[in-house]
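These notes are about the structure you will find just below.
Rule-based calculations on the coordinates, nothing more; no lab input. This one's a predicted model, so the numbers in the text were calculated from it and none came from an experiment. Methodologically, a virtual Cβ is constructed for each residue, glycine included, from the backbone with ideal geometry; neighbour enumeration extends over all protein chains shown.
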Amino acid sequence: MSTFDFQKLLRPHLQNFEAYSSARSEFRGKASVFLDANENPYQSVGGGYFNRYPDSSNIEVRRKIATYRNVLPEQAMVGNGSDEIIDLLIRVFCEPKKDKILICPPTYPMFKTNATINNVLVTEVLLTPNFQLQKDEIIKNIDADTKLIFINSPNNPTGNLLNSDDIKEILLAFNGIVVIDEAYIDFANSNSWVKQINNYPNLFIIQTLSKAWGMAGLRLGLGFGNEQIISILQKVKPPYNINSVSNNWAIKSMDLIGEKQQMVELLIAERIKLRQHLLTLPYVLKVYESDSNFILVKVLDADKLYNYLLTKGIVVRNRSRQPLCEGCVRIGIGSSIENKALFKALSEFE
Ligand SMILES: *Cc1c(COP(=O)(O)O)cnc(C)c1O
């Protein structure tokens, strides 16, 4: 049974850490003259009004995403992309050269990249050949220095959801934090794990507005977990990690969930079309099921297909050098016009 001891998990030097106190956060009450943050009082060069610092606690957007996912604002945070949240988790819980994260390749490369940048060790337990977790092998590989297990569901680049009973067993067997990256959950035929954060103190969920929400350029990642974890990440994050434009757009978008849903339905319809088209091609060996906005496909010669598509001005992701992905390319779901161009090119390849 998991015994989650937050204080023990935290890196020792952060146990009594006092966060940077921004000028505006020390002020309580009402005021109309703000001379506390050395800002330009007029406006921005080029027009526009970005002359004031954004709210360092991100409280308004956190309230919105908390309502959206039905948790408390204290259980929700925003990062400058999910990548910032991955980095924060590693920096807060992993002592360089000593502590470890555990990942399950083939998966999102940023978990390992961020660990490596922070000089944190990485244990790798491959997925099974049908891209599920080797849960017993994972549990066997956990040791006293394993602080975080990163699970990506639906998984990139394979596109599939990971079995929730396996994840539950890992949550119960592990004293560290299980991080589930749900970047593609909007496209999946499954519930988010966010509603389970009150049942598992060691569960942390990452989502993003970069995919279904169409805001990759604004850099907005979402984190959900128990209040203790969120509180330390809020303290360690750069005070102004979310700029005002992104902040305001995120707040506005949370009232437009129907619009996001329409976009998801459009993309899923295109995904079905792409899948059907791929299945007609003689050089396609396998089209993997997808719960995301991309499809992994195994072909006779991945390098050749990849380079051929480039000559047609179409860029896909060659994943053929990832473990268990020999011969595979990952194709994102484009617009219907882009897909027509893709289908034509694919049909003409031999
Ligand atoms: C695309 C993707 C993200 C998104 O990262 P952002 O920094 O939020 O843009 C996160 N996790 C996975 C697995 C992804 O594929």
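Dipole orientation for the range 67-201: of the candidates Asn130, Ile117, Val92, Val92 has the Cα lying most toward the positive pole (charges on Cβ; Lys, Arg +1; Asp, Glu -1). Compared with the alpha-carbon gap, the fully stretched path from Leu126 to Tyr42 is longer by 24.7 nm at 0.36 nm per residue.
Taking every alpha-carbon pair within the range 1-152, the share separated by more than 19 Å comes to 69 percent.
Between Asn307 and Ser347, the contour length at 0.36 nm per residue exceeds the alpha carbon distance by 12.9 nm. Taking the helices alone, the chain has a mean residue ellipticity at 222 nm of -10000 deg cm²/dmol, built from -39,500 (n - 2.57) per DSSP H run of at least 4 residues and averaged over all its residues. Altogether, the Stokes-Einstein calculation at 4 °C and 1.567 mPa s, with the Kirkwood radius of the chain over Cα pairs as Rh, returns a diffusion coefficient of 59 µm²/s.
What fraction of the DSSP beta bridges in the chain is antiparallel, stated in percent and rounded to the nearest 5? Mind showing how you got there, number by number?
Working: 18 of 34 bridges.
Around 55 percent of the beta bridges assigned by DSSP in the chain are antiparallel ones.
Placing unit charges on the Cβ atoms only, positive for Lys and Arg and negative for Asp and Glu, gives the range 243-309 a dipole magnitude near 140 debye about its Cα centre. Taking the chain, the Cys residues with no second Cys beta-carbon under 4.7 angstrom are Cys94, Cys104. Counted over the range 174-224, the DSSP beta bridges are approximately 50% antiparallel. Along the axis of the charge dipole computed for the chain (Cβ charges of +1 for Lys and Arg, -1 for Asp and Glu, origin at the Cα centre), the listed residues Ile257, Asn51, Ile101 are led at the positive end by Asn51. Per-residue extension of 0.36 nm, minus the Cα-Cα distance of His277 and Lys340, leaves a gain of 21.6 nm for this segment. Determine the distance separating the Cα centre of the range 127-149 from the Cα centre of the range 88-113; give it in Å without decimals. First find each Cα centre; the distance between them is then 13 Å. Between Ser32 and Asn175, what is the label-to-label distance in nm when each label sits 7 Å out along the Cα-to-Cβ direction? It is 5.8 nm. Of the residues Asn175, Ile242, Val33, the one whose Cα sits farthest towards the positive end of the charge dipole of the chain is Val33 (charges of +1 on Lys and Arg Cβ, -1 on Asp and Glu Cβ, taken about the Cα centre).
With a ≥ b ≥ c the root eigenvalues of the C-alpha gyration tensor of the range 67-222, is it rounded (a/c under 1.5), prolate (a/b larger than b/c) or oblate? Note, shape of the range 67-222 comes out rounded.
Percentage of Cα-Cα pair distances in the range 142-256 greater than 22 Å, rounded to whole percent? Spell out each step's value before the answer.
On the way: 2586 of 6555 pairs.
So the pairs more than 22 Å apart make up 39 percent of the total in the range 142-256.
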